[in-house]
Amino acid sequence: MALYNHILVALDLTEESTQILERATRLGSGSRISLMHVIEPLAYAYGGDIPMDLSEVQNQLQQQATDQLTKLGRSIGVAPEDQYVVIGQPTSEIHRMAEEKNVDLIVVGSHGRQGLALLLGSTANGVLHGTKCDVLAVRVDQKK
Ligand code: AMP
């Protein structure tokens, strides 16, 4: 019997994503695996006070992210309906998805930050604090 029924793997779609995915796949043999990527709203990134319509750029970003996630999902046989690209703040969207899909393990990458960067927090940290299920933070080798 699989250790976890449903694993949610959160990917930022950088090149580190394959390391995280590989770990999740090995751990999750026999488990249902879902993938998600969160796009932060462009209006947030620019403070919301730029007088221009960013919806076209946002759509393009969403399409690009969907294509990338599809490629990664296909490489490990994740069904298209178990792949999610959503807009919002990564930590809260990951929490929301985990609850909504009845996930029992969330897998994220971790850069093992120190000092100021640690104080400022990380997505892995944010996900860990405030979730009801297990969380696996895969230490990402940034040189790869
Ligand atoms: P960070 O704290 O931003 O270095 O990210 C650490 C890990 O959090 C990444 O390896 C992903 O697993 C996850 N993560 C960060 N940003 C996102 C995002 N936009 N969508 C999904 N997962 C993310």
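Odds and ends about this structure:
- The label-point distance for Glu100 and Leu42, in a model that sets each label 7 Å from Cα toward Cβ, rounds to 2.3 nm.
- Entry comment: accessible area of the stretch 6-139 is 58 Å² per residue, from protein heavy atoms only and a probe of 1.4 Å.
- Apportionment of accessible area to carbon and sulfur, the stretch 6-139, percent (1.4 Å): 51 percent
The values are calculated or read from the model by the stated rules, or taken from the named source; none is laboratory data. What you see is a predicted model, and the numbers here were worked out from it, not measured in a lab. Counting neighbours? That spans all protein chains shown, and the Cβs are built from the backbone with ideal geometry, glycine included. Ligands, DNA and RNA are excluded from the accessible area calculation, which covers all protein heavy atoms including side chains. Shrake-Rupley method; radii C 1.70, N 1.55, O 1.52, S 1.80 Å.
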